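The values are calculated or read from the model by the stated rules, or taken from the named source; none is laboratory data. Quick caveat, the model's predicted, so the values are computed rather than measured. Backbone-built Cβ (ideal geometry, glycine too); neighbour counts: all protein chains shown.
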Amino acid sequence: MSSESPARAPHRITTLAVVSFLAFGALLVLFGANSTEIIARLELDYADLGLLGSLLSLGLGVGIVAAGPISDRLPRRPLYVAACLVVVGATTTLGEWTDYSVLLAHTAAIGFGAGFYETVLNALIVEEFGERAPKRLIFIHSAATLAASATPITFELVRELSPLAWYDTFRVVGLLHAGLILTAGFVPMRPSPRSKATQAAKIRSTASDALARSDSSSLRGPDDRLALAAVCTATFAYVGVESALTLFVADHAVSDLGLDAARAARTISAFWGGLLVGRLAIGLAPRPAGAGTTALLAALGALLLALFGFGFIGTPELAMSGVGFCLGGVFPIMIGFAGIALPRSAGTAVGLAGGLGSLGGFVVPWLTGRIATDGAGGSLSLALASLAGWLSVLVLAALFVRRRHGAS
């Protein structure tokens, strides 16, 4: 790959990132899209389902945190391929024999592999595009949003034509990752910055100095660990809310609102469709995306979610699309600010932000499931309304990031 034209490398890594995030987005909604069948087949309650969502996020978090420092030191292509292989193995070996304990283990493995390759790609994009990375990441992460929106509806349409068990959907998405492995062989990937720094220290040549200068455009500026901590707080709250809504809103539509399975699937798609439109709107806006805009929109999303949870918005598709639209830019913008806050260790910074996000994806769905199980009548309404509180935490964190970034 050393003969690859430098001008073409950014386009190829962007293309790989887009198709990878399409597969990643499909993974994120598999449990929510199959929640009713999984509950019935494995005889689960809401707390059990919440633990599945929490383990998916825990696996994502471990993979993301592990990938950060590792991708700063080791070649990226083998890391990416190995992570995809983990996802392929964990998804394609599920079947009718799978019980709850086995599904828990596979869920953690799926999350680990997906989180690992997500971070490798995020780090590559931050290094490649520098200050332009937040906007570039908005469009790349929109691919995950598009897939998450389309996946529940697609599988529901297939079920109308032929039988499709819950584990079959996992196998299909797993095979998509096998295609990603083949695609990665044609994409140039930057070497890890730590290995490049070591080489530059050993070889004092004009060529190596020129290479260091060419890479410095994305590695300028002092570290801001307070800003990174605020970014991590924002991602913790955001991913927690995203995971809980994806996991529970479909069953809420069936069990509490009395809707059919097809319309319940559309509530998940409405949320992710709103995320997609929100991300594209921010990405296409003439002004750069910022933390202040993120805070304002998240505050509106918290209001909509509270109104929906307490029954003031009776159409779930409308509520979910509105909440999704308001939260569309949160994650890619915050990931971009993470790399900017710790510019000399972009992989580590992105890993920390994504890892803390996934920790939120572990904690928040589990707590939401406990509220739904132990709360008033076992209803999900109060549990969903409680997610507005997490979005309030996100608002405060984003405002702090805006203050720190403005000061810098």
### Query
Mind checking which residues of the stretch 251-288 are in contact with a Phe, Trp or Tyr (Cβ under 6 Å, 6 or more places away or on another chain) and among the hydroxyl-bearing types (Ser, Thr, Tyr)?
none
## Note on the structure
Picking from Gly179, Gly111, Gly185, the residue that is in contact with a Ser or Thr (Cβ under 9 Å, 6 or more places away or on another chain) and not polar (S, T, N, Q) would be Gly111
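Suppose we filter the stretch 297-322 for residues that are out of contact with any Lys or Arg (no Cβ under 7 Å at 6 or more places or on another chain), without any contact (Cβ under 8 Å) to a residue 60 or more places away in the chain and of a type outside the set (Phe, Trp, Tyr); how many remain? Please lay out each step first, then the result.
If we filter the stretch 297-322 for residues that are out of contact with any Lys or Arg (no Cβ under 7 Å at 6 or more places or on another chain), which is where we start, we get 297-316, 318-322.
Going one step further and asking which of them are without any contact (Cβ under 8 Å) to a residue 60 or more places away in the chain, we end up with 297, 300, 304, 307, 312-315, 318-319, 321-322.
Still in the running and of a type outside the set (Phe, Trp, Tyr): 297, 300, 304, 307, 313-315, 318-319, 321-322.
Of the residues in that region, 11 qualify.
Results for (1) crowded, with 18+ Cβ neighbours inside 10 Å; (2) farther than 30 Å from Pro343 by Cβ, shown as yes or no for each residue.
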site	(1), (2)
Ala105	no, yes
Phe112	yes, no
Ile125	yes, no
Ala133	yes, no
Ile138	yes, no
Leu157	no, yes
Gly174	yes, yes
His177	yes, yes
## Note on the structure
Only one of (1) surrounded by 20 or more Cβ atoms within 10 Å (Cβ to Cβ); (2) under 30 Å from Asp260 (Cα atoms); (3) touching a Gly at 6+ places or on another chain (Cβ under 8 Å); (4) not basic (Lys, Arg) does not apply to Thr92, and that is (1)
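Grab the helices (runs of 4 or more DSSP H) fully contained in the stretch 268-343, keeping just those with 2 or more residues being in contact with a His (Cβ under 8 Å, 6 or more places away or on another chain). Give the derivation first.
On the way: elements: 291-309, 316-327, 330-341.
Because the criterion is at least 2 residues that are in contact with a His (Cβ under 8 Å, 6 or more places away or on another chain), the helices (runs of 4 or more DSSP H) in the stretch 268-343 that meet it are 330-341.
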### Query
Among the candidates Ser3, Ser35, which residue alone is at pLDDT below 90, closer than 22 Å to Leu367 by Cβ and over 18 Å from the mean Cα position of the chain (by Cα)?
Ser35
### Query
Which of the residues belonging to the stretch 238-281 are among the basic types (Lys, Arg) and either surrounded by fewer than 24 Cβ atoms within 10 Å (Cβ to Cβ) or closer than 24 Å to Ile371 by Cα (or both)?
Arg263, Arg266
### Query
Among the residues of the stretch 94-115, is there at least one that is touching a residue at least 60 places away in the same chain (Cβ under 8 Å) and more than 19 Å from Tyr167 (Cβ to Cβ)?
yes
